[in-house]
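Structure, as C-alpha cells:
Taken together, the values in this text are just the output of simple stated rules run on the coordinates, not laboratory data. Bear in mind the structure is a predicted one, so any value in this text is a computation, not a measurement. Note that each Cβ is placed from the backbone with ideal geometry, even for glycine, and that neighbours are counted across all protein chains shown.
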C-alpha cells in the first residue's frame, strides 16, 4: 500500500475492554512491559490521559501522559512493529500534544532509554531537548534514561 493509500487514523481513550489488545504489543515492544493491572491504573487514574491509535480498524499504537497541573509526563509511546517507520509515532505524539494543550499543559517531560536512538531522534525532531540522565533507571536492564522536555504551545506538533 502506498503512503497515500493508508487508512485514516482514529483515536480512542483507553477503556478496560481495550487492555487485552495492548498486552501482546506491549510484551513484544518492551523488556519491562506493563501488566494488565498497570494499564487498569491508567484507566482509573484521574491524572492519566491514555489513548489508542487505530489505522482503519486495527490497533496501530498507543500512548499517554499524566497531567500534573500545567505539565505532562509522557508515560508510553508505542507503535506496532510492523507499522514502524511510517511516521505514526509522530502522529501519535502530535495527538498527545493537542490533548495536553486542551488540558492547559505548557510543558512535556519524558524519559527514554539511552540506547533507543530512533525514539531520541523522533523526540528531538519534535522539539524535545535533553535535560538530564537518570542512572540505572530501567531496573531489569540497568539502563540509563535520558530525560527530555519541550514546551507545548500554539505550534502543537
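Among the numbered conditions (1) touching a residue at least 12 places away in the same chain (Cβ under 8 Å); (2) under 16 Å from residue 126 (Cα atoms); (3) surrounded by fewer than 17 Cβ atoms within 10 Å (Cβ to Cβ), tell me where residue 99 comes up short.
(3)
It is to be established whether one or more residues within segment 42-50 are surrounded by fewer than 19 Cβ atoms within 10 Å (Cβ to Cβ), touching a strand residue (DSSP E or B) at 6+ places or on another chain (Cβ under 8 Å) and more than 23 Å from residue 149 (Cα to Cα).
Yes; the residues of segment 42-50 include at least one that is surrounded by fewer than 19 Cβ atoms within 10 Å (Cβ to Cβ), touching a strand residue (DSSP E or B) at 6+ places or on another chain (Cβ under 8 Å) and more than 23 Å from residue 149 (Cα to Cα).
What pairs come up if the first residue lies in segment 32-55 and is within 14 Å of residue 20 (Cβ to Cβ), the second is in a loop (DSSP other than H, G, I, E, B), and their beta carbons are under 8 Å apart, counting only those six or more places apart or on different chains?
These pairs meet every condition: 39/14; 43/14; 43/15; 52/14.
Filtering segment 119-142 down to residues that are touching a residue at least 24 places away in the same chain (Cβ under 8 Å) and in contact with a helix residue (DSSP H, G or I) (Cβ under 9 Å, 6 or more places away or on another chain), which residue is surrounded by the fewest Cβ atoms within 10 Å (Cβ to Cβ)?
Across segment 119-142, the extreme among qualifying residues is 125.
Condition first: in contact (Cβ under 8 Å) with a residue 12 or more places away in the chain, under 27 Å from residue 144 (Cα atoms), out of contact with any strand residue (DSSP E or B) (no Cβ under 8 Å at 6 or more places or on another chain) and not in a strand (DSSP E or B). Can you find one or more residues in segment 65-83 that meet it?
yes
Would you check which residues across segment 102-114 are surrounded by 13 or more Cβ atoms within 10 Å (Cβ to Cβ) and free of Cβ contacts under 8 Å to residues at least 40 places away in the same chain and list them?
Passing the criteria: 110, 111, 112, 113, 114.
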